[in-house]
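Chemist: Here it is, the structure, as structure tokens.
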Amino acid sequence: MDFASNLFSAGTLSQILVGLSRTTILFIVSSGMSLILGVLRIPNVAHGSLYMIGAFAAWSVIQFLGGGLFAFLAAMIVAPMIVAAVGFVLERGFFSYLYEREHLMLLLLTFSFALILGDLVKIVWGPEYRSVTVPAFFQGSAEIFGLPLPWYNLFLLLVGPCIAVFLWLVINRTNLGKIARAAAVDGEMVGAVGINTGWVFAFTFVLGSFLAGLGGALIAPMVNISLGMDHSLIMETFLIVIIGGLGNMWGALLGSLIFGLTQSLGILVWPQFGIAFPYLAVVAVLVVRPRGLLSSTW
Amino acid sequence: MKKAVSILAVAVTMFWGTGSGIAGETIKVGFVDTYTGPATTFTNDVLDGFKMAAEKINEKGGVLGKKITYVTRDDKFKPDIGLTMAKELILKENVDLLVGTINSATALAVSDLCKKEKIPFLVTFSKSDKITGSMGHRYVFSMNENTEMAGRATAKALAKKPYVKYWIAGDDYEYGHAIANGVFDHLKTLNPKVQLLGQSWWKVGETDFTPYITQILAAKPDFVIVATGGGGMVNFQKAAQSTGFNKKVPFYQHTAIELSTLSPQGPNAPEGVYGTANYLFYFPATKENKAFVEEFRKAYNRYPKSGALYGYMTARFIAKSYEKAGKIDKEKFIDAMEGMTLDSPVGKMEMRACDHQVTLPMFFGVTKKSAQYDFLTATDVVSVPGKDYMPSCAEIAKTRAK
């Protein structure tokens with residue numbers, strides 16, 4: 001196969017745009033994980049389950065409101081809020097008691113919650129898969145050099161930067177964000193100057209959960225919502241966070257870009273083995289920079 | 001630790017013990033199938049179809065004066081669990097025969113066990129052609145179509161179409177490759193002009209098909225064989241709908257026209273998708289099929305899918321075979337099953353004696369919006385008779401000899 005001519009064909013631009021819309025979902029989910037990892041030092045294995053709950057909750061909200069653009073937009077806000085509430089209960093009810101213990105304990109706890117939440121989803125929504133249709137407003141696709149790019153993917157391309165700017169504002173321009181950043185570097189010191197780190201941690205965890213839920217809600221119209229959708233994502237998210245630099249938000253963005261783009265361009269170059277490209281990229285990054293591309297907060 | 005293990009053992013035995021009846025008074029069927037996870041969309045219909053037929057038979061006095069009873073075990077889509085459950089059903093529950101499962105790996109493992117234990121095993125949803133092909137034996141029966149059959153039936157229908165440049169895309173696992181090769185290899189022999197332009201394979205559970213779709217469109221094939229299974233069916237159709245893929249290039253998916261693929265998408269599924277299925281509740285519109293649909297809807301308040309047909313016919317084949325055998329005997333049961341023909345909602349179904357593969361029609365059609373239902377249905381349906389798309393007994397003998 002002629003790889004070079006594949007790479008410089010008319011399909012390249014549309015493939016990059018498609019890759020970027022995939023990046024959006026990956027970034028939203030992995031930034032939430034990175035945030036929690038950086039500030040709370042929890043490698044949250046249950047993050048994928050929160051994403052899955054986001055997707056199921058979006059389905060429920062859309063069903064409840066009877067479909068349409070309004071129901072869809074409402075779901076994009078309400079579903080992540082539901083997930084944020086779940087996150088709040090998890091953090092205050094369980095994780096907050098284990099911060100003094102070793103990381104392994106926290107890791108095991110998040111793993112057990114990944115299993116528990118998976119079963120809870122089965123109890124609440126049942127084992128069958130659910131499907132959300134793209135609202136009429138986003139149906140169909142734009143033509144780019146004769147190749148289709150769904151309107152919904154373009155919508156995701158708008159959402160991505162908005163979330164990035166929003167996170168930047170929260171982290172750099174609010175007091176809470178500044179405290180969270182300080183707590184990430186030295187939690188003890190922040191406590192010593194009289195700030196209640198417990199609530200900073202709770203806020204961060206809730207924000208991280210919100211992002212996981214938002215990722216799930218945004219992907220809902222593109223896939224069938226089913227048990228097990230958490231597993232496939234959590235793996236990619238961890239890899240993204242690792243190659244970006246543990247706990248670094250912009251690292252999560254960079255990692256998502258690498259993952260999303262190598263996948264879509266890899267498919268263009270060699271469709272039969274398109275799956276392998278993001279993972280090869282991960283290997284390449286880790287060989288060159290074993291601690292990730294950007295500085296880790298760990 | 002020892003104590004914990006023994007307590008656990010006692011608890012497990014007690015739990016398992018509750019279902020056991022006394023052997024001999026009833027015909028006891030053991031189900032090993034996946035009852036958790038996405039596969040339940042298919043497996044619940046098998047069980048419900050079976051229940052419906054069994055209840056009717058029992059109401060009329062059962063078979064040889066014995067009622068048909070059943071126990072179920074969840075294999076959680078895992079071959080090791082399935083095999084353990086099958087052993088338990090044989091050794092502790094003393095089942096007369098085993099029925100299941102949707103996972104081909106499990107089916108092959110259980111089939112091997114049944115060969116050693118000399119217990120009849122009726123496979124109700126696994127699609128590996130090895131079950132009655134290269135790994136077939138006296139004790140295993142297949143109650144549904146397999147990848148080889150689906151491939152041949154589709155190739156037969158596609159060979160009449162003018163398409164030349166084909167593209168293959170699918171889930172990168174056994175079923176995906178088996179379906180894709182099944183279709184393309186047979187198509188190639190039927191119509192030597194066709195050529196394979198290229199292939200794309202994605203991991204099972206892939207969520208975003210858009211990059212694959214744009215790449216395939218850029219390659220400009222005439223027709224695409226999409227080899228997705230399970231959850232991938234709906235995912236791909238959604239991506240096809242949002243990119244308008246189906247309007248640009250015609251494509252085929254096995255089971256694309258089936259209710260289990262179309263009903264979750266409601267009225268927004270893509271139109272013009274070619275697919276095959278063993279059962280459609282609205283085709284053929286015969287008296288027998290209508291009666292079956294009516295009965296199933298009355299019992300479960302939903303339309304029957306392929307699984308319902310498989311389960312329903314499995315119960316009827318079991319009853320008829322014991323009747324013919326004249327007593328509850330495993331070897332006599334098998335002799336009776338061989339060559340048995342029964343009327344079904346889709347016409348005559350025959351249990352072929354040479355390989356224990358059921359012969360049933362395959363429907364080939366195209367998805368289209370329906371005025372009557374709030375989901376898409378198949379149109380231009382062609383029925384491919386079973387004998388037209390099954391490997392011959394001689395071919396099977398050759399595969400088994402290898």
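The values are calculated or read from the model by the stated rules, or taken from the named source; none is laboratory data. All values reported here derive from a predicted model rather than from experimental measurement. Neighbour counts are summed over all protein chains in view; Cβ atoms, including those assigned to glycine, are modelled from backbone coordinates with ideal geometry.
Chemist: Which of the following residues is free of Cβ contacts under 8 Å to residues at least 60 places away in the same chain and within 14 Å of another protein chain (Cβ to nearest Cβ): A:Phe203, A:Phe155, A:Phe137, A:Phe145?
Modeler: On the way: A:Phe203 fails: within 14 Å of another protein chain (Cβ to nearest Cβ); A:Phe137 fails: free of Cβ contacts under 8 Å to residues at least 60 places away in the same chain; A:Phe145 fails: free of Cβ contacts under 8 Å to residues at least 60 places away in the same chain.
None of the others qualify; the one that does is A:Phe155.
Chemist: Moving on to the next point. Can you give me the number of residues within region B:269-292 that are crowded, with 18+ Cβ neighbours inside 10 Å and either more than 30 Å from B:Lys220 (Cα to Cα) or β-branched (Val, Ile, Thr) (or both)?
Modeler: 9
Chemist: A follow-up question, please. Going through region A:261-277 one residue at a time, which ones are under 15 Å from A:Met235 (Cβ atoms) and crowded, with 23+ Cβ neighbours inside 10 Å?
Modeler: A:Gln263
Chemist: Which of (1) surrounded by 18 or more Cβ atoms within 10 Å (Cβ to Cβ); (2) of a type in the set (Ser, Thr, Tyr); (3) touching a strand residue (DSSP E or B) at 6+ places or on another chain (Cβ under 7 Å) is the odd one out, the single condition B:Thr379 does not satisfy?
Modeler: (1)
Chemist: Looking at (1) of a type outside the set (Gly, Ala, Ser); (2) free of Cβ contacts under 8 Å to residues at least 12 places away in the same chain; (3) surrounded by fewer than 13 Cβ atoms within 10 Å (Cβ to Cβ); (4) more than 14 Å from every other protein chain (Cβ to nearest Cβ), can you tell me which one A:Ile123 breaks?
Modeler: Of (1) of a type outside the set (Gly, Ala, Ser); (2) free of Cβ contacts under 8 Å to residues at least 12 places away in the same chain; (3) surrounded by fewer than 13 Cβ atoms within 10 Å (Cβ to Cβ); (4) more than 14 Å from every other protein chain (Cβ to nearest Cβ), only one is false for A:Ile123: (4).
Chemist: On to the next question. Pick from B:Val183, B:Val194, B:Val164: which is surrounded by fewer than 17 Cβ atoms within 10 Å (Cβ to Cβ) and of a type in the set (A, V, I, L, M)?
Modeler: The conditions single out B:Val164.
Chemist: Which one of these does A:Ala252 not meet: (1) buried (at least 24 other Cβ atoms within 10 Å of the Cβ); (2) modelled with pLDDT under 90?
Modeler: Of the numbered conditions (1) buried (at least 24 other Cβ atoms within 10 Å of the Cβ); (2) modelled with pLDDT under 90, the odd one out for A:Ala252 is (2).
Chemist: Which of the following residues is surrounded by fewer than 19 Cβ atoms within 10 Å (Cβ to Cβ), without any contact (Cβ under 8 Å) to a residue 60 or more places away in the chain and farther than 22 Å from A:Thr237 by Cβ: A:Leu69, A:Leu65, A:Leu108, A:Leu98?
Modeler: Result of the check over A:Leu69, A:Leu65, A:Leu108, A:Leu98: A:Leu65.
Chemist: Also: Of the residues A:Gly216, A:Gly244, A:Gly198, which single one is more than 14 Å from chain B (Cβ to nearest Cβ), in contact with a Gly (Cβ under 8 Å, 6 or more places away or on another chain) and in contact (Cβ under 8 Å) with a residue 40 or more places away in the chain?
Modeler: Testing whether each residue is more than 14 Å from chain B (Cβ to nearest Cβ), in contact with a Gly (Cβ under 8 Å, 6 or more places away or on another chain) and in contact (Cβ under 8 Å) with a residue 40 or more places away in the chain leaves just A:Gly244.
Chemist: Out of curiosity, is B:Thr132 touching a Gly at 6+ places or on another chain (Cβ under 6 Å), polar (S, T, N, Q) and either outside the structural domain of B:Asn235 (by TED's automatic domain parsing) or at pLDDT 90 or above (or both)?
Modeler: no
Chemist: Among the residues that make up region A:75-88, is at least one of them crowded, with 24+ Cβ neighbours inside 10 Å and among the aromatic types (Phe, Trp, Tyr)?
Modeler: For region A:75-88, residues crowded, with 24+ Cβ neighbours inside 10 Å and among the aromatic types (Phe, Trp, Tyr): absent.
Chemist: Only one of A:Ile82, A:Ile53 is in contact (Cβ under 8 Å) with a residue 12 or more places away in the chain, touching a Leu at 6+ places or on another chain (Cβ under 7 Å) and part of a helix (DSSP H, G or I). Can you tell me which?
Modeler: A:Ile53
Chemist: Further question: Of all residues in region B:196-220, which are part of a loop (DSSP other than H, G, I, E, B), closer than 19 Å to A:Tyr152 by Cβ and more than 7 Å from chain A (Cβ to nearest Cβ)?
Modeler: Within region B:196-220, B:Glu206, B:Phe209 meet the criteria.
Chemist: Sticking with this one: Could you check region B:382-402 and list, in sequence order, the residues that are loosely packed, with under 13 Cβ neighbours inside 10 Å and touching a Gly at 6+ places or on another chain (Cβ under 6 Å)?
Modeler: Selection gives nothing.
Chemist: Report those strands (runs of 3 or more DSSP E) wholly inside region B:318-402 carrying at least 3 residues which are over 22 Å from B:Val183 (Cα atoms).
Modeler: In region B:318-402, the matching strands (runs of 3 or more DSSP E) lie at B:341-344, B:347-351.
Chemist: Inspect region A:252-264 for any residue being in contact (Cβ under 8 Å) with a residue 24 or more places away in the chain and farther than 27 Å from B:Ser200 by Cα and give the result as yes or no.
Modeler: Within region A:252-264, one or more residues are in contact (Cβ under 8 Å) with a residue 24 or more places away in the chain and farther than 27 Å from B:Ser200 by Cα.
Chemist: Follow-up question, since we're still on this one. State whether one or more residues within region A:34-47 are within 14 Å of chain B (Cβ to nearest Cβ), under 23 Å from A:Gly228 (Cβ atoms) and in contact with a Gly (Cβ under 9 Å, 6 or more places away or on another chain).
Modeler: Looking through region A:34-47, none of the residues is within 14 Å of chain B (Cβ to nearest Cβ), under 23 Å from A:Gly228 (Cβ atoms) and in contact with a Gly (Cβ under 9 Å, 6 or more places away or on another chain).
Chemist: Which is touching a residue at least 24 places away in the same chain (Cβ under 8 Å) and more than 11 Å from chain B (Cβ to nearest Cβ), of A:Met229, A:Met249? Give the steps one after another, and end with the answer.
Modeler: Working: A:Met229 fails: more than 11 Å from chain B (Cβ to nearest Cβ).
Going through A:Met229, A:Met249 in turn, the sole match is A:Met249.
Chemist: So, B:Gly266, is that one crowded, with 23+ Cβ neighbours inside 10 Å and either β-branched (Val, Ile, Thr) or not in a loop (DSSP other than H, G, I, E, B) (or both) or not?
Modeler: Taking the combined requirement at face value, the residue does not satisfy it.
Chemist: So, one more: Say whether the condition of being surrounded by fewer than 24 Cβ atoms within 10 Å (Cβ to Cβ), touching a residue at least 24 places away in the same chain (Cβ under 8 Å), at the interface with another protein chain (Cβ under 9 Å from one of its Cβ atoms) and closer than 17 Å to A:Met222 by Cβ is met by at least one residue in region B:240-256.
Modeler: Within region B:240-256, one or more residues are surrounded by fewer than 24 Cβ atoms within 10 Å (Cβ to Cβ), touching a residue at least 24 places away in the same chain (Cβ under 8 Å), at the interface with another protein chain (Cβ under 9 Å from one of its Cβ atoms) and closer than 17 Å to A:Met222 by Cβ.
Chemist: Out of B:Tyr175, B:Tyr166, report the one residue that is touching a strand residue (DSSP E or B) at 6+ places or on another chain (Cβ under 9 Å), of a type in the set (Ser, Thr, Tyr) and in contact (Cβ under 8 Å) with a residue 60 or more places away in the chain. If you could, list the steps in order and put the result at the bottom.
Modeler: Details: B:Tyr166 fails: in contact (Cβ under 8 Å) with a residue 60 or more places away in the chain.
Just one listed residue meets the conditions, B:Tyr175.
Chemist: Let me ask you something else. Test B:Glu350 against the criterion of being over 20 Å from the mean Cα position of the chain (by Cα) and surrounded by fewer than 22 Cβ atoms within 10 Å (Cβ to Cβ), and give yes or no.
Modeler: Answer is no for this residue.
Chemist: I've got another one for you. Please list, ordered by first then second residue, the pairs with beta carbon atoms under 7 Å, 6 or more apart or interchain, first in region B:32-54 and touching a residue at least 12 places away in the same chain (Cβ under 8 Å), second acidic (Asp, Glu) and surrounded by 24 or more Cβ atoms within 10 Å (Cβ to Cβ).
Modeler: Hits for this filter: B:Val32/B:Asp75; B:Asp33/B:Asp75; B:Thr34/B:Asp75; B:Thr43/B:Asp33; B:Val46/B:Asp33.
Chemist: Mind counting the residues in region A:230-285 that are in a loop (DSSP other than H, G, I, E, B) and small (Gly, Ala, Ser)?
Modeler: Of the residues in region A:230-285, 3 are in a loop (DSSP other than H, G, I, E, B) and small (Gly, Ala, Ser).
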